[in-house]
Structure formats: C-alpha cells, structure tokens
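Before we start, here is the structure in question, set down as structure tokens.
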Amino acid sequence: MIESIAEMVDLAENQGLPLHEIALRAEMQHSGRKREELRERMRERLETMRESVEHGLAEPVMSLSGLSGGNAHRLWNWLSEPGCEPITGPILSRAVARAMAVNEVNAGMGCIVATPTAGSAGILPGVLLTLQEMRGFSDEQLVDALFTAAGIGGVIFRRASVSGAAGGCQAETGSAAAMAAGAAVELLGGAPRQSAHAVAMTLKNMLGLVCDPVAGLVEIPCVKRNAAGAAQCFIAVDLALAGVESVIPADEVIDAMGAIGRRMDERFKETARGGLAATPTGRRLARLIWEEKRED
Amino acid sequence: MPHRRSISAFDIIGPIMVGPSSSHTAGAVRLGQVGRAVLGVQPKEALIGLHGSFAETGRGHGTDRALVAGLLGMDTHDPRIRDSLDIAREKGMRVAFEKVDLGEDAHPNSARLHLKAWGREVVIEGASVGGGVVEITQIQGFPVRFSGKYDTLIVVAEDRPGTINIVTGLMLDHRVNVAFLRVGRKQRGGDAIMVYETDDHIPEELVEALEDFHWVRWVRHVPPIMG
C-alpha cells in the first residue's frame, strides 16, 4: 500500500519506471489480479467518461431539479462558432466545457465515473480527453494516466479525504484537480518529481474551498467548480513542466488539506447550511425546489 | 479521519454510477446492498434512519432512493435508481424514513437500516466515507468494521473459547484465505460477533456447516459489492 506521494516518486525513480507503472503494480499486488484484466477495467471507465462527455456536449442536459444545466452545451456551441477566440485558449476552454458536461450529466442522474467523487467527476475526463484531442494521445496512454491519477488519489484518500462532507470541496474538486495535474504532467513528458510538484501546487491553490451546494444538490456551484478545477490543474501543469517547484512537498499539502477539512465548520461540509447555500438566492431556490417536491 | 484500510484504484477512478453524488448516491446504494445481504432476503419492511449530512442533504442527492435501490438489489449504475421508491412499492416493500442522531463519533454520511422480512430482523449501521466507499459500523448492536469489498462472513455466536479456531478450520478445509478478522461483543458473558473478510469465495456449505453448531446464533455470507 503506497502511503505517500514521496514514496511513489522514490519507487519510480529508483526503478526507472513511470508513475502509472508504479500505481498499476501496486494495484496488481493489492488485488491479486493480472495486468490486462486491470487495464481492461480501466478502459471500461475511460469509455464511460467519454460517453458522459459526449452526452453533455451534444445536447442541453438539465438537472432533475431543473435548477441548472445546459451550460456545457452552450459553451461548446460558442466555441464552435467561426472566429471564436476564448480568452483561456483552445485547450482550457474545451477542457472546461467537457468538465461541465460530465457534471451536468451527473446532476441529471445520468451515468458517470466518480473520479474521485461524482461531484468532482468532470475534471479528469475534461483534462484527459482534451489533451487527447489536442495532442493526439492514444486511449492506452489515457489508461496509463488514469492509473497515475488513481495512485495519487489513493494517497489523498488515505492521508486526508475525498469527501465533501468530511473535508469540503477542497477534498473533492481539489483532489480531482491534483490527480489530473499529476497525470497530465506525466502524459506531457514530465518526470515523476514534476508530477508531484504539480499535485502539490494544484492542491495548494484550492485549500480551504468549502462545500456549499445550493439546496444540497450537486449542481450550484459544483458544475462550475469543476470548470475551475480544470483551470487550476492546467496552471500547475505548466508551472511544473517549466521546472517550478512547490516549496511545501505534496504530502504535507495533502495533510494540510486533511487538517483544514477536519477543522472546517460543519456548515461548509455538504450540509447546505453555509456559503452559497445560505445566500438569499440560495435559500430562495432551496425553498422553491422543496416546496414543489412536496406538492408532487 | 485517515482511512488506513485498503483502497483500490477502482474506488478512486470509479465507481461507474448514476449521479448525483458518490457518497450520497453510490455509497448509499452500497449500504443498501449490504443491508439486503445481511438480512439474507429482500426486506418486506425497511425503516431507514438518516444521520448528519445524509439527513440534511440526502433528499437532494437521492440518498433515499439510492438506499432503497440497494435494498432492492440494484447496482450503482442502475438507471432505475431514480424510480426505486415506486419500484419498492410495486414489489411490496414498505419503506419509511426518519432523522436519527447516531452520536458525535458517527461519520456525517451515516445511515441505520432496520430491516424485516419473513421473521428475520436486522439492524445495521454504516457510513459512506467518500467516493462510494462504505464502512459498516454496527450490526444488531455489535460494533463491527467491514467494507463489503470482500467476501464477508458474519458469525454471531456464544462468547466461548475456540470458536475462531473452528471457523478458520472450516475455512482451511474450503481453501478460503482470511484477509481481515474482527471480533466484538456488547459485554462479557453475552454473545460475540466475528466478521471475516476473505480473499476467496465463501461456499454455501461452509455457511451451512456453521449453522449446525449449537453455539452459533446466526451466520450470514455477504458477497462482495463491486461497481
């Protein structure tokens, strides 16, 4: 069982192996299953990710509550207009659209892959499928990247938390963005150490983020927080690939995230009693939804 | 609380599930699945207690529907989850919900399932600890801790010496390797609970053999829940 990002990096450097191979071998040992069987299971997940992205982009997907939806499709259409030049550039803007697409499908009780959670499920597919489109990575390379992400996420799960109810949004979208950053750096040719710095820098920039869903639904602000997670991921990826290092090591950042989460007021941990959920508009929408439900 | 228990790559990249929440929907489905397995049959009656965040925001995440879907034997990616309350009604399962306080130590995403069918009755408590991973914390008032990821054998028996030897002896006969074993009891001189999580499939004959011992109160095999 790998307990730290430092251990993952050491194992990779000492054996001259990529992080995804370390993560895959750890899983083989843990499960007693063969390499190909594990890769096949991961391919299945990649396929579900792709389906959820395509579904959310192809048509406006509305949430069950009717509170949100259709924005991934709106952004995608705008990006497809001739001459459209998004300020965030083609890669980030497309990753944002894909990330939002998955979360809108999720809010509509559609099928997604929780990576690491459903509320943060857009970030990894958004980042990885966009890198595939723009940089031509193969499905097998994406499967590798998912194992790297799983290895990083496993460390975060064990050392801190990936649950909004236990650690706030930092534990969900923060973890997802950090996992995506570590995986993306490797995909783009960075060394294991650079992946670790990307993990640290992403999570650092998302520390303290509260989980404050309006009406308790995984919609507002979750869908847009997935967009933000993709952006935080790419910022850290560029920094890490340029050779910028995090002064605070990844494991210490993860531990800090865990400690912040434990001390965070309950109102900010998925109870829908604080933050955006407690704003006048948040409360009004909550009343509207639950009163309508009672009339059903 | 850091979770030192084993976690698979497919817990992190997964489960494949119907939204909207891995802890409040997928994890809740799995709690329901374990409850159904511990009861051993589909419940006729289910009183579902929701604690903490499950009580506060569970409705919006479909936690109620998800728990019932699990009780009905559905998996985390079953598109019928959203209609599970209606399906339960059609299948004659009576369902009621209440808000409960399971104490300060309970994880915010916890539930208590009080299930009945055909003279059987089970009270089980568990938590959805993130990303769809669950941990069962109490059965019939006995403290336990298991994830449902392994083949699990639950034995409630008279608290007397040598019982573990007999169970593990039977496991040896059937070539079943124990991954984790936890023993617990409410007080000295009462019954005790043994929870075996195993790497290998637990055959029905092993369960039947155990049921024949006079000191065994009840035995249940919970097959692994995966998604």
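Can you give me the number of residues within the stretch A:44-54 that are buried (at least 20 other Cβ atoms within 10 Å of the Cβ) and either away from every other protein chain (no Cβ under 11 Å) or closer than 12 Å to A:D144 by Cα (or both)?
2
Can we say A:G274 is modelled with pLDDT of 95 or more, within 14 Å of another protein chain (Cβ to nearest Cβ) and buried (at least 24 other Cβ atoms within 10 Å of the Cβ)?
no
If you don't mind, there's one more thing I want to ask. Can you give me the ranges of the strands (runs of 3 or more DSSP E) entirely in the stretch B:1-111 with at least 3 residues that are acidic (D, E), more than 8 Å from every other protein chain (Cβ to nearest Cβ) and open to solvent by less than 10 Å² (accessible area, probe 1.4 Å)?
Answer list for the stretch B:1-111: none.
When only residues in the stretch A:96-114 that are more than 8 Å from chain B (Cβ to nearest Cβ) and of a type in the set (G, A, S) count, which is nearest to A:G69 (Cα to Cα)?
Only one residue tops the list, namely A:A101.
For the stretch A:91-129, how many residues are open to solvent by 10 Å² or more (accessible area, probe 1.4 Å) and touching a His at 6+ places or on another chain (Cβ under 7 Å)?
Final tally of qualifying residues: 2.
Return only the number of the condition from (1) assigned to a helix (DSSP H, G or I); (2) more than 8 Å from chain B (Cβ to nearest Cβ) that A:R41 does not satisfy.
(2)
Could you tell me whether the stretch A:85-97 includes any residue that is in contact (Cβ under 8 Å) with a residue 24 or more places away in the chain and among the basic types (K, R)?
Yes, the stretch A:85-97 has at least one match.
Another question about this same structure. What's the number of the only condition in (1) assigned to a strand (DSSP E or B); (2) within 24 Å of A:R158 (Cβ to Cβ) that B:H114 fails to meet?
Of (1) assigned to a strand (DSSP E or B); (2) within 24 Å of A:R158 (Cβ to Cβ), only one is false for B:H114: (2).
If you don't mind, another one. Taking A:E252 as the residue in question, decide whether it is part of a helix (DSSP H, G or I) and at pLDDT below 95.
no
If you check every pair at least six apart or on different chains, which have Cβ atoms under 9 Å apart with a residue in the stretch A:47-62 that is touching a residue at least 60 places away in the same chain (Cβ under 8 Å) first and a residue that is open to solvent by less than 80 Å² (accessible area, probe 1.4 Å) and of a type in the set (S, T, N, Q) second?
Listed pairs, sorted by first residue: A:M49/A:T115; A:S52/A:N106.
Same structure again: For the stretch A:130-147, how many residues meet the condition of being open to solvent by 10 Å² or more (accessible area, probe 1.4 Å) and within 14 Å of chain B (Cβ to nearest Cβ)?
1
Give the residue that is farthest from the chain's Cα centre (by Cα), with candidates limited to residues of the stretch A:115-127 that are of a type in the set (A, V, I, L, M, F, W, C) and within 11 Å of chain B (Cβ to nearest Cβ).
The extreme case among them is A:A118.
What number of residues in the stretch A:190-218 are within 15 Å of the chain's Cα centre (by Cα) and open to solvent by less than 20 Å² (accessible area, probe 1.4 Å)?
Residues that pass the stated criteria total 9.
I'd like the full set of residues that are open to solvent by less than 60 Å² (accessible area, probe 1.4 Å) and over 24 Å from A:Q29 (Cβ atoms), limited to the stretch B:169-186.
B:G169, B:L170, B:G184
Moving on to the next point. For B:G130, indicate whether it is assigned by TED's automatic domain parsing to the domain that holds B:G52, closer than 18 Å to B:P223 by Cβ and surrounded by 20 or more Cβ atoms within 10 Å (Cβ to Cβ).
No; evaluated as a whole, the condition is false for this residue.
The values are calculated or read from the model by the stated rules, or taken from the named source; none is laboratory data. Just so it is clear, the model here is predicted, and its values are computed rather than measured. Methodologically, a virtual Cβ is constructed for each residue, glycine included, from the backbone with ideal geometry; neighbour enumeration extends over all protein chains shown. Side chains are part of the model used for accessible areas, which takes the heavy atoms of the whole protein and leaves out ligands, DNA and RNA. Shrake-Rupley method; radii C 1.70, N 1.55, O 1.52, S 1.80 Å.
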